[in-house]
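Reading through the structure tokens given below for one structure.
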Amino acid sequence: MQNHYSGLINRYRERLPVSDKTPVISLCEGDTPLIKLANLPAETPNGADISMYVKFEGLNPTASFKDRGMTMAVSKAAEEGAKAIVCASTGNTSAAAAAYAARAGMTAFVLIPEGKIAMGKLAQAMMYGAVVIQIRGNFDDGMELVKRVAKEAPVAIVNSINPFRLQGQKTAAFEITEALGRAPDYHCIPVGNAGNISGYWIGFSEMCGHNTESCTLCNGQCPFLADPKVTTRPRMVGYQAAGAAPFMRNGKVENPETVATAIRIGNPQSFDLAKAAVDESGGWFDELTDEEILAMQKRLANREGIFCEPASAVSVAGALRDIENGKIAPGSVVTCTVTGHGLKDPDVAIAQCQEPVVTIDANLEAVKQAILGNLPG
Ligand code: AN7
């Protein structure tokens, strides 16, 4: 099968820190669709002439963007002979770590905040066979513990403080630029631990021949930097949940709280990299309330057919608000990362669908009435 897509390491091998000696641990992640929105921009004041696209990362093998970084982190851990990996997680990192560890024959230890991760993510970590360690604390507590325990036990950290994670995640920016044949004018993205926005900035920068401070691996030595594919980079726009918005408070948030549990993070590990990316690109950070987040999660599903988890709706909600208020200029090409699939968090989804499900007897007349009573006017 010569044209069989075999994952992002093989696809972008010459742009990643891998060699012939790196065992590629892959689930064919990446190559996700860039979906042009059909309805929401036109329904938004000032949005009629905006081209808006969603990079739907929920269609990765474990249903979130984390697979991009994890294929790199676990492949490099395997190259270094690791037998076990560890991460703190609000859920998606743990699912991805568990899956790639299973494939590599490693043990994954995942620290999750008790009671604060979506059910689908917990199911994944357990099915893939991770050792799930619930802590009576939040993600930030877990992250500190992971950093300390990795000094005392033989486990490789696969959180995004592992620079190979950002290298994998930068490939989404490659795919967007290739799909559009140019860089977008604005790239909008949810921000939690702030690794992904930093990875995208590396990717967009490399596409136009720039090195960034966030690329701690090549120091400007990558040969492909001399072969730019495009001439511009987007403004990077990072959106947070209002109850967990350290970038808006200019520092740590002690007790982060939001319905979007994926981004319930108060002390982002890549704070400086993300701030540099936003500043260097001429972008900005902003925040959305839980009400705005949930409303957009539902609108994306019922107006565009894209079902994402709450944290992922943040990018689209923020972008549409900034189109309406003119911060995003008319005529722009806007891309939004939609980070995780809606099926990850069925509880929050069902809780916000208020209309009761119609239940009827199993006969033709009753079905007919149910249809005729609900046809569009
Ligand atoms: C759906 O899984 O941090 O700013 O431990 O799951 O790169 O952290 C998840 C983060 C956005 C934020 N959307 O990305 C974890 C974790 C979803 C996420 C983010 C996360 P970063």
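The values are calculated or read from the model by the stated rules, or taken from the named source; none is laboratory data. Here the structure is a predicted model, which means the values were calculated and not measured. Positions of Cβ are backbone-derived with ideal geometry, glycine not excepted, and every protein chain shown enters the neighbour counts. Each accessible area value is taken on the protein alone, full model and side chains, heavy atoms only, with ligands, DNA and RNA left out. Shrake-Rupley method; radii C 1.70, N 1.55, O 1.52, S 1.80 Å.
Pairs needed: first member in segment 327-343, under 19 Å from GLY282 (Cβ atoms); second member anywhere, of a type in the set (Asp, Glu) and within 16 Å of the ligand (Cβ to nearest atom); C-beta distance under 8 Å; at least 6 residues apart or different chains.
Once the first residue is under 19 Å from GLY282 (Cβ atoms) and sits in segment 327-343, its partners that are of a type in the set (Asp, Glu) and within 16 Å of the ligand (Cβ to nearest atom) give THR337/GLU57.
If you scan segment 7-62, which residues turn out to be β-branched (Val, Ile, Thr) and in contact with a strand residue (DSSP E or B) (Cβ under 8 Å, 6 or more places away or on another chain)? If you could, list the steps in order and put the result at the bottom.
Residues of segment 7-62 β-branched (Val, Ile, Thr): 9, 18, 22, 24-25, 32, 35, 44, 50, 54, 62.
Passing the criteria: THR32, ILE35, ILE50, VAL54.
I'd like the full set of residues that are of a type outside the set (A, V, I, L, M, F, W, C) and more than 8 Å from the ligand (Cβ to nearest atom), limited to segment 185-200. Give the derivation first.
Initial filter on segment 185-200 (of a type outside the set (A, V, I, L, M, F, W, C)): 185-187, 190, 192-193, 195-196, 198-200.
Once the filter is applied, which keeps residues that are of a type outside the set (A, V, I, L, M, F, W, C) and more than 8 Å from the ligand (Cβ to nearest atom), segment 185-200 yields ASP185, TYR186, HIS187, TYR200.
For segment 143-183, what are the residues that are open to solvent by 20 Å² or more (accessible area, probe 1.4 Å), within 14 Å of the ligand (Cβ to nearest atom) and in a loop (DSSP other than H, G, I, E, B)?
ILE161, ASN162
Taking segment 99-121 as the region of interest, how many residues are touching a Ser or Thr at 6+ places or on another chain (Cβ under 8 Å) and within 14 Å of the ligand (Cβ to nearest atom)?
11
Suppose we keep only residues that are of a type in the set (A, V, I, L, M, F, W, C) and open to solvent by 10 Å² or more (accessible area, probe 1.4 Å) within segment 249-262. Which one would you say is farthest from SER198 (Cα to Cα)?
Step one: filter segment 249-262 for residues of a type in the set (A, V, I, L, M, F, W, C), giving 253, 259-260, 262.
Those left that are additionally open to solvent by 10 Å² or more (accessible area, probe 1.4 Å): 253, 259, 262.
Working: VAL253: 20, VAL259: 24, ALA262: 17 Å.
So the residue we want is VAL259.
Strands (runs of 3 or more DSSP E) wholly in segment 15-112 with at least 3 residues that are out of contact with any Pro (no Cβ under 8 Å at 6 or more places or on another chain) and buried (at least 20 other Cβ atoms within 10 Å of the Cβ) - which ones? Steps first, answer last, please.
Values: elements: 34-36, 51-56, 84-88.
Hits in segment 15-112: 84-88.
Within segment 30-83, which residues are among the aliphatic types (A, V, I, L, M) and within 16 Å of the ligand (Cβ to nearest atom)? Steps first, please.
Looking only at segment 30-83, we keep the residues that are among the aliphatic types (A, V, I, L, M), and these are 34-35, 37-38, 40, 42, 48, 50, 52, 54, 59, 63, 70, 72-74, 77-78, 82.
Hits for segment 30-83 are VAL54, LEU59, ALA63, MET70, MET72, ALA73, VAL74.
Tell me which residues, restricted to segment 301-319, are of a type outside the set (Gly, Ala, Ser) and either open to solvent by less than 10 Å² (accessible area, probe 1.4 Å) or touching a helix residue (DSSP H, G or I) at 6+ places or on another chain (Cβ under 7 Å) (or both). Can you show your working first?
The first filter runs over segment 301-319 and keeps only residues of a type outside the set (Gly, Ala, Ser), leaving 302-304, 306-310, 314, 316.
ILE306, PHE307, CYS308, GLU309, PRO310, VAL314, VAL316 - these are the residues of segment 301-319 that are of a type outside the set (Gly, Ala, Ser) and either open to solvent by less than 10 Å² (accessible area, probe 1.4 Å) or touching a helix residue (DSSP H, G or I) at 6+ places or on another chain (Cβ under 7 Å) (or both).
Is it fair to say THR289 is out of contact with any Ser or Thr (no Cβ under 6 Å at 6 or more places or on another chain), within 14 Å of the ligand (Cβ to nearest atom) and among the hydroxyl-bearing types (Ser, Thr, Tyr)? Steps first, please.
Details: out of contact with any Ser or Thr (no Cβ under 6 Å at 6 or more places or on another chain): yes; within 14 Å of the ligand (Cβ to nearest atom): no; among the hydroxyl-bearing types (Ser, Thr, Tyr): yes.
Criteria not met by THR289.
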